[in-house]
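The values are calculated or read from the model by the stated rules, or taken from the named source; none is laboratory data. Because the structure is a prediction, the values reported are computed rather than measured. Backbone-built Cβ (ideal geometry, glycine too); neighbour counts: all protein chains shown.
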Amino acid sequence: MADYKSDLSGWNPVSDFFPKILKQAAQSNNIEDDTIRIFEVGSYKGLSTSSMGNICKKLEKDIGKKCAIISIDTWLWADNERLKN
Ligand SMILES: C[S@@+](CC[C@H](N)C(=O)[O-])C[C@H]1O[C@@H](n2cnc3c(N)ncnc32)[C@H](O)[C@@H]1O
C-alpha cells in the first residue's frame, strides 16, 4: 500500500445528518447483537464512509454499539480524468 496516497475528496465530511441518524439508530431497540448495519449506495472515494466510521467509533465508545458498513459505488457517472486524481 506504500505506493498509494489517501484521497478522501467527496461531498459529506461534516454533515449534521450522519451524527443525528446514527445516534437515533444506536438508541433504537431494533438493533440485533448491538450492531448498526449501514448500507451506503454511492461512496465515491470514501469520504462519507470515513465520516460515518468516525462517528461509529465514538458511538461504540460512548454507547457500546458497533457499526458494520458496506459501501458500494458504480463509478459510472465519473469521467476518467476525475477518477485518476
Ligand atoms: C455525490 S457522490 C457522493 C459520494 C460520497 N457519498 C461522499 O459524500 O463523498 C454520488 C456517488 O453515487 C454513485 N452512484 C450513483 N448512483 C448509483 C447507483 N445506482 N449505485 C451505486 N452508486 C451510485 C456515483 O457513482 C457517485 O460516486
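Okay, here's what the table says:
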{"read-out": "Lone qualifier among S15, S28, S43, S48 - being within 14 Å of the chain's Cα centre (by Cα), surrounded by fewer than 16 Cβ atoms within 10 Å (Cβ to Cβ) and of a type in the set (S, T, Y)", "value": "S15"}
{"read-out": "Selection count, the range 35-70, where residues are more than 8 Å from the ligand (Cβ to nearest atom), without any contact (Cβ under 8 Å) to a residue 40 or more places away in the chain and part of a strand (DSSP E or B)", "value": "9"}
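For (1) at pLDDT below 90; (2) within 16 Å of I69 (Cα to Cα); (3) of a type in the set (A, V, I, L, M, F, W, C), each residue gets a yes or a no:
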residue: M1; (1), (2), (3): yes, no, yes
residue: S28; (1), (2), (3): yes, no, no
residue: I36; (1), (2), (3): no, yes, yes
residue: C56; (1), (2), (3): no, yes, yes
